[in-house]
Every structure is written in C-alpha cells, then in structure tokens.
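FYI, it's all coordinate maths here, none of it is from the lab. Only a predicted model underlies this, so the values are computations on that prediction, with no experimental measurement involved. Cβ coordinates were reconstructed from backbone atoms using ideal geometry, including for glycine residues, and neighbour counts include every protein chain displayed.
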Amino acid sequence: MKTPGRTLFPLKDLNRNQQEAVTQTEGPLLVLAGAGSGKTRVITYRIAYLLQEKKVPPYALLAVTFTNKAAGEMRERVIGLAGKEGRAVWISTFHSACVRILRQHVEKLGISRHFSIFDESDSTRVIKEVLAEMNIDARILPPRRVSYLISRAKNALVEPDLMAEQGEVSRDHLMDRIVQAYRMYEERLRRSQALDFDDLLFFTWRLFEERPEVLRSYEDLLHYILVDEYQDTNHAQYQIIRQLSARHRNLCVVGDDDQSIYRWRGADITNILDFEKDFPEAIVVTLGENYRSTGHILGAASCLISKNKGRKEKELLAVRPDGQKVSAYAAMDEREEGGFIAASILQLIRHENFSYRDFAVFYRINAQSRAIEDTFLKMNIPYTIVGGVRFYDRKEIKDIISCLRLILNPADWGSFERIVNAPARGVGKASLDKIRAAGIEGLTPEEAVQSVLKSGAVKGKAAQGLGDLLEALLMLREKLSLGTPLDEFVVAVLDETGYLGALQAQATDEARNRIENLHELLAVVDDFLSDDRPGEISATETLAAFLDQISLVSDIDNLKEEGSSVTLMTLHMAKGLEFPVVFMSGMEEDLLPHYRAQGEPVEMEEERRLCYVGMTRARELLFLTMARRRRLFGQYDNTLPSRFFTDLPAENVELHRETVYPIPGITDSLASLPMPSEGKVAIGEFTYVPEPVEGEDRLRPGMQVRHPMFGVGQVMAVEGTGPDARITVYFPRGGKKKLIAKYANLQVV
DNA sequence: TACATCCTTCTTTTT
DNA sequence: GAAGGATGTA
C-alpha cells in the first residue's frame with residue numbers, strides 16, 4: 001500500500017496504546033493521558049497522521065489548547081513531523097480561536113467587529129462603577145464577588161434573565177442586586193463595544209446558536225477536531241466543541257481528570273468524566289505508562305491522588321527505575337526554607353552535574369516567591385520568575401494599549417477613562433463625571449467631550465487638556481489610515497499624547513523604569529512585525545491583530561527553555577511542564593491546601609490534584625519543603641504541615657537528613673521523634689515552640705542593623721517600644737527609611 | 001485638581 | 001508590607 005520511496009509513518013516510535021490513540025481517527029475518542037505518558041507526542045503524531053496517511057487537508061483540522069505556549073509548541077512539532085502542510089493546520093487556544101471567529105462574524109450579533117477585549121482589570125473597573133451607581137456598599141457586595149459570579153454565569157452560558165430565574169429558587173436576598181449589576185455590566189460593555197474574556201466564548205456559542213449558517217460554514221470546513229487539556233474545559237467551551245463536532249463527530253479529546261485544576265475558573269471536571277455518556281459510541285484509550293518520573297516520585301504521586309474520590313480509577317505505571325526517594329524538609333521559617341532550596345541547588349550543581357535550568361521551585365501563591373527570591377539573590381543563583389505582575393498589567397503599558405484600543409474602537413469608554421488624564425491633563429473626577437453624563441445617550445467618549453466643551457460645562461485647564469487629547473486622537477487616526485507602520489505608529493502615540501514627554505519631565509527612577517518598559521513594548525511590536533502573518537493588508541488590520549495577540553498572552557507563553565536559570569512559578573503555571581529537579585515549597589495547611597479550600601470536599605480534592613500536578617513535573621528528584629512559621633500577611637504565623645504529607649507512602653518518601661523538625665506521616669530513617677516538653681505546644685503529632693514576635697526594645701540610635709531588603713544601615717531614631725516601635729534607619733543602599741519594628745525584621749549586626 | 005497621608009484589606013490559582 | 005481607597009490639605 002505504501003508507495004516506494006516514501007518514508008513510512010513513524011508509528012513504531014509509539015507504544016501500543018499511543019498507536020491506537022493516533023490511528024483511531026474516525027468517531028469520538030477519549031484519550032485519558034496520565035501525567036508524563038506522552039500526551040503531546042500522541043497529539044502531534046495524530047495530526048501528522050491525519051495529514052500524511054489519511055490525506056486530510058490541513059484546513060480541515062482544528063486543534064485547541066489552553067495556552068499560547070502549548071499551541072506554539074504543538075505547531076512546531078507538527079511542522080517538524082509533517083513539514084509545510086503542518087503550518088496550515090489551525091492550532092490555537094480556545095480564546096484566540098473565538099476571537100478569530102468573532103472578528104469575522106460578530107456583526108451579525110450587532111457588535112462592531114472592532115470590539116475591544118476587556119481584561120480582568122477593565123471588567124473590575126466597570127463593575128465598581130456599576131456598584132457605585134447602584135449605591136451598594138462594597139462591604140455588603142464586594143466587586144470581586146460580583147465579578148466572580150458574573151464570570152461563573154457566563155462560563156455556564158447563563159444570561160441575566162436566567163440568573164434571575166435561578167435566583168428565585170436559591171432565594172439569595174442579594175441575588176436581585178447581583179442580577180441587576182450583571183445587566184448593567186453587560187449594558188456598559190455593549191455601549192463600549194467591548195467583550196470580556198468570558199464573552200469571547202459566550203458570544204461564539206451564541207453566534208453558532210443564532211446563526212446556524214455560520215456554524216455550518218465551520219462544520220463544512222472542520223472535519224477533525226482535537227481538544228487538549230479537556231479536563232479544564234468549562235461549560236461554554238464544552239458546548240462550542242459540541243456545536244462544532246456535531247456533524248462529523250470526529251472529536252478527539254485528550255486529558256487527565258487528575259490534573260483538573262481550574263474549577264475556580266469554571267472548569268467542569270464532569271466534561272471529561274461524562275464524555276462516554278455524551279458520546280456513547282466513543283472509544284476510550286488510556287495512556288498509563290509514565291516515561292517521565294522515577295519510580296519513587298511516581299509512587300508517591302500516585303498514592304496521593306488515589307485518595308481522591310471523584311476520579312476515574314486508574315493506575316499509572318512507572319517505566320523508569322525507582323531512583324531516589326522523595327525528600328521532605330521542614331524549615332524553621334520561610335527564609336530558612338529558601339536557604340535550604342538554594343543550598344540544595346548549589347550542591348546538586350556541584351556534585352551531580354545539574355545546571356540551573358534543571359531546577360524549578362513551585363509554590364501555591366505568588367506571594368511566596370519573595371522569600372525564595374531573597375535567598376537566591378543573596379546566594380547569587382540566577383532565576384526566572386513566571387507570573388506575578390504581568391508585563392501587560394503595568395500601568396504605563398496598559399495606558400498605551402488603552403490608547404491604541406481607543407483609536408481603533410472610538411466607543412471604548414473603558415479605555416477612554418483610563419487615558420483621559422494619563423498623562424495629567426487637569427481632567428479630574430468632576431470633569432470626567434460631566435463627560436460621562438454627556439455620554440449617557442449613546443455618544444462615544446470623544447463626542448461627549450466635544451459636547452461638554454461646546455456647552456462650556458468644562459472650562460480652563462481641563463478644557464485645554466481635553467482639546468489636546470481630541471486633537472491627538474484625530475491626528476493619530478489620520479496617521480493610521482495613511483498606512484503608518486505599526487512600530488512608527490506606536491512611537492507617534494507616545495509622542496502625540498505627551499505620555500513619554502510627561503515621564504521624561506518627571507526624571508525619577510520610577511519614571512525611567514516606566515520609560516524602559518515602554519521601550520520593551522516597542523520591542524514587542526518589532527517582534528510581532530517580524531512574524532510572517534499573511535492576509536493583513538492595512539495598518540489598521542495590523543494594529544488590530546497586534547492588540548488581539550497581546551490581549552490573550554499569558555506569562556507562561558514567554559517562558560523560554562534555553563536560559564540558564566532556575567524557574568520559579570505557581571503550581572498552576574507548572575501544568576504541562578517538566579523539570580529534572582523540583583522543589584515544592586510551602587507544603588503547609590492553609591497554603592497547600594489553601595485556606596479558601598478548607599471545608600468544601602470538592603475543593604480539597606482540587607488542592608490534592610494541584611499537589612499531584614506539581615509532584616509529577618519532576619523527572620529525577622523531588623523535594624517537598626515546608627516552614628514551621630511563615631510570614632505571609634506581613635506577620636509571622638505558626639503553621640501546620642500539609643495534610644498531604646500523610647497521604648504519601650513511607651516506601652517512597654523520607655525525611656531529609658538535615659531536617660531538624662519532624663513531619664507527621666513522613667518516616668525519619670534516623671531519629672525518633674522528640675517528646676513535647678515544657679513551653680511547647682503539641683498539635684496532633686507535631687510539636688511547636690511558639691515563636692515570640694521579637695521585641696525591638698534593644699535597638700538604640702547609632703546601632704548597625706540588617707534589613708532583608710535594604711541591607712545594613714544605621715539606626716537614627718527609635719520612637720516607642722515593643723513591636724509597634726517606629727524606627728528610623730539610614731541605609732546606604734536605600735536612603736532613610738521609617739520602619740515599624742514588628743514588620744521590619746531588623747537584625748542587630 | 002493634585003498630592004500626601006492614613007486606613008483597610010489583601011492573597012489563591014489565569015485564558 | 002503593598003496597593004487601593006478614603007480623607008485631608010495646598
């Protein structure tokens with residue numbers, strides 16, 4: 001059957017089950033891919049197989065993932081296997097795919113195809129405005145909660161009316177107001193011609209529901225659909241997938257219920273658990289051999305996850321030898337924990353031939369990174385931190401992006417309000433209120449400005465500033481329509497709006513830093529322009545494509561593998577990655593599992609899955625560390641070891657030999673546990689010495705002290721006594737600082 | 001209107 | 001111990 005001279009499809013690279021997952025191309029297929037079982041390989045081979053063996057044209061394939069990084073890697077590997085043809089396959093994230101569909105068809109739903117994409121901070125801003133207008137006290141109904149509820153509703157494809165119906169059943173006395181807030185929020189978004197992240201999915205679903213001919217055009221095109229990380233799909237994504245695959249039913253979903261960690265964002269684990277119910281003819285292939293981790297690491301992780309109830313019963317077999325046991329370490333506090341991690345890294349590099357890039361440190365929340373960063377800085381360990389404050393969340397970047405959005409979408413009130421007084425133009429709250437009032441009748445922000453200027457409602461400095469802004473916007477739109485290249489155009493925005501000038505005039509360190517960030521944004525633009533993207537003709541379209549791309553990037557997307565540094569990130573970011581050596585820090589009650597998950601058994605299971613995801617990232621060595629006390633709210637608290645320690649089997653895990661403190665559930669091969677004695681508190685099997693908050697009464701002016709951030713300095717004055725004493729210190733590295741004793745953590749040198 | 005200062009709350013996790 | 005909001009002052 002094979003034509004001579006043509007290379008055979010490399011099916012022999014795969015094990016039996018992987019082969020089945022690749023070659024079972026027709027009909028619904030569920031691939032249960034355990035951690036490290038070669039999932040990406042199966043997906044990419046499957047795509048290549050469809051192209052080469054089944055002669056499926058590339059445009060008939062759609063593969064969706066959750067992150068741009070995953071999509072990018074998938075594309076690279078498909079191109080590697082299938083060559084040029086692979087380039088034409090539609091491989092994308094859910095959100096980007098929806099944007100692409102909506103940009104083309106959303107006008108059928110009465111929304112401008114130049115719609116803005118509101119990110120979370122834009123949405124929060126709108127919600128706060130709405131709640132303020134409704135005169136709702138933030139303590140009764142916090143904006144965060146409203147925002148969460150609206151998002152959850154949208155992910156479940158629930159519109160305000162339906163929410164109201166459901167609310168009648170639940171009889172939440174706040175429900176009326178929440179529904180009203182939802183309605184007003186929607187109304188504001190529509191007035192700004194904006195969609196939020198959840199809308200991208202919701203409106204795609206609605207488009208397909210209301211315009212069957214549009215759905216049909218995609219159905220005609222897409223004969224094979226593949227969904228990665230299926231366990232993390234929410235209801236909206238699930239429905240979109242159903243719509244698209246209803247006709248051909250060649251739907252392949254790949255996932256692992258044990259790695260579902262996005263419930264809080266609407267992910268519905270029943271989508272994967274019930275796949276066989278939804279598609280009765282589905283074939284299920286289980287990939288149960290783990291090629292990544294050593295036997296001890298896998299044994300420990302498998303035992304942990306087996307304690308969960310809501311999962312498909314299955315076992316993951318270790319292909320690799322046992323290796324070293326998982327090591328548990330209890331430090332006195334988070335600084336010592338960081339010290340242990342740093343020392344271990346240096347030691348492993350020296351003695352075991354690892355390099356910096358082989359290490360990753362995971363934590364539950366971003367705030368934990370500081371202590372680790374501090375020690376790494378001190379011990380000169382290069383590190384890359386993923387997540388935290390995103391580049392695109394920086395004020396100056398958001399301002400410029402808002403300006404670009406407003407240029408494209410003049411109805412975008414959110415962006416307008418952001419930039420109307422950035423840089424300062426003398427337009428304060430009073431003027432803005434007048435503009436808003438003028439705009440209430442469906443005017444665009446700029447029309448509203450014109451109206452208040454004409455009526456004389458705004459005068460003086462504010463009027464001058466607004467006039468300048470209008471002029472700048474007008475001139476920039478003109479420049480864009482003349483086809484100014486994007487890089488040149490962004491520079492023009494920086495100049496014409498006076499943004500750069502205002503920063504330069506400030507001449508502070510902070511301003512210089514912001515300018516630097518803006519230069520980085522220009523580098524991003526250049527990067528974007530150097531990608532080949534066929535099909536964009538005008539400068540306007542290029543700008544629109546640029547904005548779409550940066551609206552949908554996450555921090556993980558920029559993680560490069562070639563660097564030589566230790567990677568620091570949250571457990572959530574770690575999904576899909578692997579490292580030779582992994583440290584999981586903060587293995588404590590209230591951190592992992594997080595205190596917000598206490599109580600609800602479903603949430604506790606998700607925390608356990610999170611722990612499982614972290615552990616299964618490790619190839620050779622895995623360390624679980626905790627601190628007996630930790631400063632998280634600026635204050636030290638004693639901790640309890642994570643309950644997950646007690647889920648681990650003794651044969652795979654041992655207490656690190658340098659640990660001074662015991663951990664319940666972890667066998668110490670050397671010593672027996674010390675008995676509780678006077679002055680100690682026994683909690684369960686664990687013993688604590690309550691750590692007194694250090695009194696700083698011993699500090700006197702003239703003394704040398706060390707501060708974790710500013711280094712060594714000299715005490716200039718002490719006001720008051722005890723933990724609340726105010727201490728003035730002069731630091732050669734940081735200048736004069738006024739510190740509160742209990743927070744400052746000063747050490748006498 | 002802008003800036004300083006005090007107070008509160010905050011911490012999950014992110015496309 | 002930061003960031004955002006509220007309040008007070010120039």
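Observations on the model:
- Mean Cβ count within 10 Å, highest first, over the residues of peptides A:215-224, A:576-585, A:119-128: A:576-585, A:119-128, A:215-224
- Amide H contacts under 5 Å for A:Ala194, placed H, 5+ residues apart: A:Ser116
- Rounded to the nearest 20 debye, the dipole size of region A:335-398 about its Cα centre is 300 debye, using +1 on the Cβ of Lys and Arg and -1 on the Cβ of Asp and Glu.
- Positive-pole candidate from A:Thr497, A:Leu317, A:Met604, dipole of chain A, charges at beta carbon: A:Thr497
- Scalar couplings 3J(HN,Hα) for region A:622-627, obtained by applying the Karplus form with A = 6.51, B = -1.76, C = 1.60 to θ = phi - 60°, are 9, 10, 10, 10, 9, 10 Hz; x denotes Gly and Pro.
- Placing unit charges on the Cβ atoms only, positive for Lys and Arg and negative for Asp and Glu, gives chain A a dipole magnitude near 620 debye about its Cα centre.
- Aspartates and glutamates whose Cα lies under 12 Å from that of A:Lys314, excluding same-chain neighbours fewer than 8 positions away: A:Asp256, A:Asp257, A:Asp258, A:Glu289
- Think of chain A as having a plus end and a minus end, set by charges on the Cβ of Lys, Arg, Asp and Glu; of A:Leu221, A:His656, A:Pro641, A:His656 sits farthest toward the positive end of this dipole.
- Cα-based shape type of region A:119-192, given that a ≥ b ≥ c are square roots of the gyration tensor eigenvalues and the cut on a/c is 1.5: oblate
- Residue by residue, region A:34-47 carries 3J(HN,Hα) couplings of x, 4, x, 9, x, 4, 4, 4, 4, 4, 5, 5, 5, 4 Hz when phi is fed to the Karplus relation 6.51 cos²θ - 1.76 cosθ + 1.60 (θ = phi - 60°); x denotes Gly or Pro.
- Here the 3J(HN,Hα) profile of region A:63-74, calculated from phi with Karplus coefficients 6.51, -1.76 and 1.60 at θ = phi - 60°, is 10, 10, 10, 9, 10, 4, 4, 4, 5, x, 5, 4 Hz, Gly and Pro shown as x.
- For chain A: rounded, prolate or oblate by the Cα gyration tensor [a/c cutoff 1.5]: oblate
- Relative contact order of chain A: 15 percent, from C-alpha pairs under 8 Å at least 6 residues apart in sequence.
- Residues A:Arg657, A:Arg619, A:Arg436, arranged from fewest to most other Cβ atoms within 10 angstrom of their Cβ, appear as A:Arg657, A:Arg436, A:Arg619.
- Relative contact order for region A:119-192: 36 percent, from Cα pairs under 8 Å spaced at least 6 residues apart, divided by residue count.
- For the peptides A:486-494, A:94-102, the ranking by packing is A:94-102, A:486-494, with the highest mean count of neighbouring Cβ atoms within 10 Å listed first.
- Cα-centred dipole magnitude for region A:103-245, charges only on beta-carbon of K, R (+1) and D, E (-1), debye, nearest 20: 300 debye
- Of A:Lys429/A:Lys454; A:Lys69/A:Lys108; A:Lys312/A:Lys575; A:Lys398/A:Lys575; A:Lys395/A:Lys459, pairs whose Cα-Cα distance is over 25 Å: A:Lys69/A:Lys108; A:Lys398/A:Lys575; A:Lys395/A:Lys459
- Computed [θ] at 222 nm, deg cm²/dmol, chain A (DSSP H ≥ 4; -39,500 (n - 2.57); rounded to nearest 500): -13500 deg cm²/dmol
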